[in-house]
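Let me begin by presenting the structure, written as structure tokens, before commenting on it.
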There are 2 protein chains.
Amino acid sequence: MEQKRQRMTHQRSVILEEVQRCQDHPTADEVYERVRKRLPRISMGTVYRNLDVLVSSGLIRKLGPDFPQMRFDGDTRDHYHMTCIGCGCVEDMGIPPQDDTVSQLETALGKLTKHGVFGHRLEFFGLCPDCREKKGYLLEEVQEIPSSEEEQEHGAEGE
Amino acid sequence: MEQKRQRMTHQRSVILEEVQRCQDHPTADEVYERVRKRLPRISMGTVYRNLDVLVSSGLIRKLGPDFPQMRFDGDTRDHYHMTCIGCGCVEDMGIPPQDDTVSQLETALGKLTKHGVFGHRLEFFGLCPDCREKKGYLLEEVQEIPSSEEEQEHGAEGE
DNA sequence: CTGTTATCAGGAATGGTTACTAATAATACA
DNA sequence: TGTATTATTAGTAACCATTCCTGATAACAG
């Protein structure tokens, strides 16, 4: 099994640049839109393929899908994210990672169970400044977070 | 506001029973398979709809998709999960939640940033006993997973 | 019982992501 | 430099989890 040598194509480098450039955490779709301004003929498949390649070479990161779409991050340094349950955007939290607390927990888990634990993911949920302002938002409903939009006929009127 | 009165249909209660019964964390698909043994004519749409209903009434929980499919949990008590990067299964970690550490962090984030933070999700990644045994597994491949915090040392070639 | 209507089965539609293919272009090296 | 090799591309079709739509069914209130 020899690994195939990667080529740095124009498309690939443009995709990388665009992901690294943006402050937000774009979906593949958004990357496509940005890249398309520079390479109008690029195809969605190319974007997906290259995002994967870039992720596995460690040049960008992949953020798990809390809202249905996958998101990517050009900043590969460890940092916390918060997903806004209002609009689904993902923002960086401006405080350095205090991995020690969770890492201790991780280690504890590794010892206490028969599983091999060697990684974790910690994400926060809340409201971005925008959503927070726009509406007081029903803080009641918030508890449901786990990863889906409860925008149903649940209860949007006055209580 | 008034919510529409829910009916406890046969299908719904069977679905609930099956989710509560199983120790693992079934995907909608798996729930469908189980339920189908008792209700051969049930449809996938019904399963999805009812899982959603049960989630929003708090009778079961929804686990975010780390592997592409959504998973559900009949045990609504707080507890940790580990997703196996080998086979994608999700298992409970047998240690009680020590939320205080992370909650402190959550509070800190709420104060330090202009975001409203009121929830978090902490998941672990590793290998289930099965996968651990079957193969030493190529620990290299670990980096392919969503985005863990540890294990990110190695750089270039993926595959 | 009976009427209202939430829920159902079945199937079609959606939307994000992957897979396939012939054509193209990035590298190795002659 | 030119040429061969082959990773990568654009375009498009397929995929698959999930959601939506419809007329029919059945839960529950009265």
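With the crude spin-label approximation of a point 7 Å out along Cα→Cβ, what separation in nm comes out for A:Thr101 versus B:Lys37?
Distance between the two pseudo-spin positions: 4.3 nm.
Using a label point 7 angstrom from Cα along Cα-to-C-beta, what distances in nm, from shortest up, separate A:His79 from the other copies?
Label point to label point, same position, other copies: 3.6 nm.
Tally up the carbon and sulfur contribution to the accessible surface of region A:9-75 as a whole percent, 1.4 Å probe, everything protein left in place.
Numbers: 1590 of 3270 Å².
Taking all protein chains in place, region A:9-75 shows 49 percent carbon and sulfur surface.
How large is the accessible surface of A:Asp130 in square angstrom, using a 1.4 angstrom probe and rounding to the nearest 10?
Estimated to the nearest 10 Å², A:Asp130 gives 90 Å².
Between the label point of B:Glu17 and that of the same position in each other copy, find the distances and list them shortest first in nm, with every label point placed 7 Å from Cα along the Cα-to-C-beta direction.
So the distances to the same position in the other copies read 6.2 nm.
At the nearest 100 Å², what buried accessible area, both sides summed, do you get for B and A when the probe is 1.4 Å?
5200
Round to the nearest 0.05 the FRET efficiency obtained for A:Gln23 and B:Asp78 when R0 = 35 Å and r is the Cβ-Cβ distance.
The pair A:Gln23/B:Asp78 has a calculated efficiency of 0.55.
Nm distances between the label at B:Glu133 and the same-position labels in the remaining copies, 7 Å along Cα→Cβ, shortest first?
From this label point to the equivalent ones elsewhere in the assembly: 5.8 nm.
The values are calculated or read from the model by the stated rules, or taken from the named source; none is laboratory data. From a predicted model like this one, the values you see are computed outputs, not experimental measurements. Heads up, the Cβs are rebuilt from the backbone with ideal geometry, glycines too, and the neighbour counts pull from every protein chain shown. Remember, those area values only see protein heavy atoms, side chains included, never the ligands or the DNA or RNA. Shrake-Rupley method; radii C 1.70, N 1.55, O 1.52, S 1.80 Å.
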